[in-house]
Each structure stands twice: as structure tokens, then as C-alpha cells.
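Here is the structure we will look at, set down as C-alpha cells.
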Amino acid sequence: MRFLRRNADDTEAPATDSATEAAEATRSAGKGRPTPKRREAQSRRSGPVPPPPRTQREAFKRMRGNKVSKEERRAAATERRQRMMAGEDKYLLPRDRGPVKAYIRDLVDSRRNLMGLFMPLAILVFVALLTPSLAVQRYATLATTFMLIAMVIEGLVLGRIVTRKVRAKFPTEPIKGISIGWYSFIRASQLRRLRVPKPRVKPGEAIK
């Protein structure tokens with residue numbers, strides 16, 4: 001009986017193996033080819049991987065080929081500069097953004113300020129100090145001192161005026177008098193043609 005039972009087990013095992021092999025053969029025959037692995041499929045889609053650079057010069061050329069050209073970078077920088085000078089809020093520096101700062105710039109640009117002569121005055125003082133005449137240096141220093149005092153007084157008055165108008169225009173905005181006054185002073189001390197962004201109002205124009 002034991003001998004007959006062993007023979008029965010031995011005859012069932014090969015039958016099972018042959019059935020499994022037949023099923024796998026049927027799946028392969030239905031597809032026509034074995035199922036590719038995921039890594040192989042991705043490599044086929046992306047194409048062959050380029051060989052690594054052999055020299056440093058070749059690596060540098062390959063790196064430059066993937067970057068934007070110099071002309072494109074220059075054109076993009078020029079466009080950003082033009083938009084910033086036009087006063088587009090997106091391209092301005094963080095200190096110049098917002099309707100409050102735009103209103104301050106309009107208030108300052110609509111006035112003729114003595115502080116706008118600060119840079120020419122600094123150049124004049126530098127030239128006077130290079131002259132060998134002590135009298136010229138003395139008078140230039142004296143005139144510069146009076147001009148600086150007048151500019152400081154004008155800056156304080158301008159800061160108070162701008163702060164009062166800004167608070168009346170934007171009552172819900174948190175307005176700091178020192179910050180507004182300093183921003184107004186810096187704007188007014190620059191030459192009109194060098195201000196960024198460019199003035200959009202003319203001198204003497206009424207700002208509401």
C-alpha cells in the first residue's frame with residue numbers, strides 16, 4: 001500500500017509542473033514576447049543614455065549647451081529693467097511695491113526740492129577740495145554746510161507733509177512716520193532723471 005501511494009504522488013507532481021509550464025507558454029505566445037521590466041521600458045522611452053564626458057572641456061560644453069544663451073539673458077534683463085522703470089509693481093524692489101509707496105513717489109516727484117541738488121553739490125565740493133586755493137576750499141565748505149542744513153530742514157518738512165497726506169489717503173494702512181519720511185528723503189535727494197522707477201507726474205502737478 002505504501003508503495004502504491006508513493007507512486008500516485010510521484011505521478012501527480014509532474015502533471016502539475018507540466019500544467020504550469022503550459023500556462024506560461026500560452027501567456028508568452030499570446031503576447032508574442034516576454035513582459036519587459038520597468039527599468040527597460042523607461043530606458044526605451046527616454047532613449048539611450050549619453051556617455052559621460054571624457055574631458056573637462058567636453059563637460060563644460062555640454063553644460064553650456066543646456067543653459068540659456070547670453071543674448072536671451074540680456075534680453076530678459078532689459079525687459080525687466082524697462083518694466084521696473086515703468087513702475088510695474090511685480091518688477092519693483094520690495095521697498096518700492098504697493099500703492100502707498102507709489103503715492104509717496106508721486107507726492108515727491110510733483111515738488112521741486114532743494115535736496116535734488118545733493119549729488120551735484122557733492123561733486124562740486126570734491127572739485128573744490130582738489131584746488132590749491134585755500135580761499136576756494138573755505139568758501140566751498142561754508143556753502144556746503146549751509147546747503148546741507150537747508151536740505152535737512154527741507155527733508156523734515158517734506159516728511160511731515162507726505163506722512164500727513166498718506167495717512168489721509170490710506171487711513172486703514174499702518175503708516176510709520178519715520179519710514180515714510182526716510183523714503184521721501186531718499187527719493188527727493190536723487191536727480192529726477194535717475195529716480196527708479198521713473199516719475200509719472202510732472203513738477204507742479206496736483207496730486208489728490
Inset, instruction - Could you state how much accessible area E154 has, in square angstrom rounded to the nearest 10, with a 1.4 Å probe and all protein chains kept in place? - result: 40 Å²
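Taking 0.36 nm per intervening residue step and subtracting the Cα-Cα distance, what contour gain separates I186 from F126 on full extension? It would help to have the intermediate numbers written out before the result.
Numbers: separation 60, 0.36 × 60 = 21.60 nm, distance 2.11 nm.
Length difference between fully extended and current span is 19.5 nm.
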Inset, instruction - Ignoring everything but the protein chains, give the 1.4 Å probe accessible area of L129 in square angstrom, nearest 10. - result: 100 Å²
Legend entry - Accessible area of I178 in the full protein assembly, 1.4 Å probe (Å², nearest 10): 150 Å²
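Take K165, K101, K176, K208 and sort them by solvent-accessible surface of the protein heavy atoms, 1.4 Å probe, largest at the top. Before the final figure, lay out each step's value.
Numbers: K165 85, K101 45, K176 150, K208 195 Å².
Sorted descending by solvent-accessible area, the residues read K208, K176, K165, K101.
Sorted by accessible area (1.4 Å probe), largest first, how do F126, F118 line up?
Details: F126 130, F118 95 Å².
Ranked from most to least accessible, the order is F126, F118.
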Legend entry - Separation in nanometres of the label points that stand 7 Å from Cα toward Cβ, at K165 and I153: 2.2 nm
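Going from most exposed to least, what order do F185, F146 have by accessible area with a 1.4 Å probe?
Numbers: F185 60, F146 135 Å².
These residues rank, largest area first, as F146, F185.
How long is the gain from A135 to A75 if the chain were fully straight, where each residue apart is worth 0.36 nm and the alpha carbon distance is subtracted? Intermediate results must be reported in sequence, preceding the final value.
Numbers: separation 60, 0.36 × 60 = 21.60 nm, distance 5.18 nm.
Working it through step by step, the gained length comes to 16.4 nm.
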Inset, instruction - Kindly report the accessible area of the stretch 76-208 per residue (heavy atoms of protein chains, probe 1.4 Å, no ligands, DNA or RNA), in Å². - result: 68 Å²
Inset, instruction - Could you tell me the number of lysine pairs in the stretch 91-208 with C-alpha atoms less than 14 Å from each other, where the two lysines are 8 or more residues apart or belong to different chains? - result: 7
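The values are calculated or read from the model by the stated rules, or taken from the named source; none is laboratory data. Please read these numbers as outputs of a predicted model, since none were measured by experiment. Virtual Cβ from ideal backbone geometry, glycine too; neighbours counted across all protein chains shown. Keep in mind that these areas ignore ligands, DNA and RNA; they rest on the heavy atoms of the full protein, side chains included. Shrake-Rupley method; radii C 1.70, N 1.55, O 1.52, S 1.80 Å.
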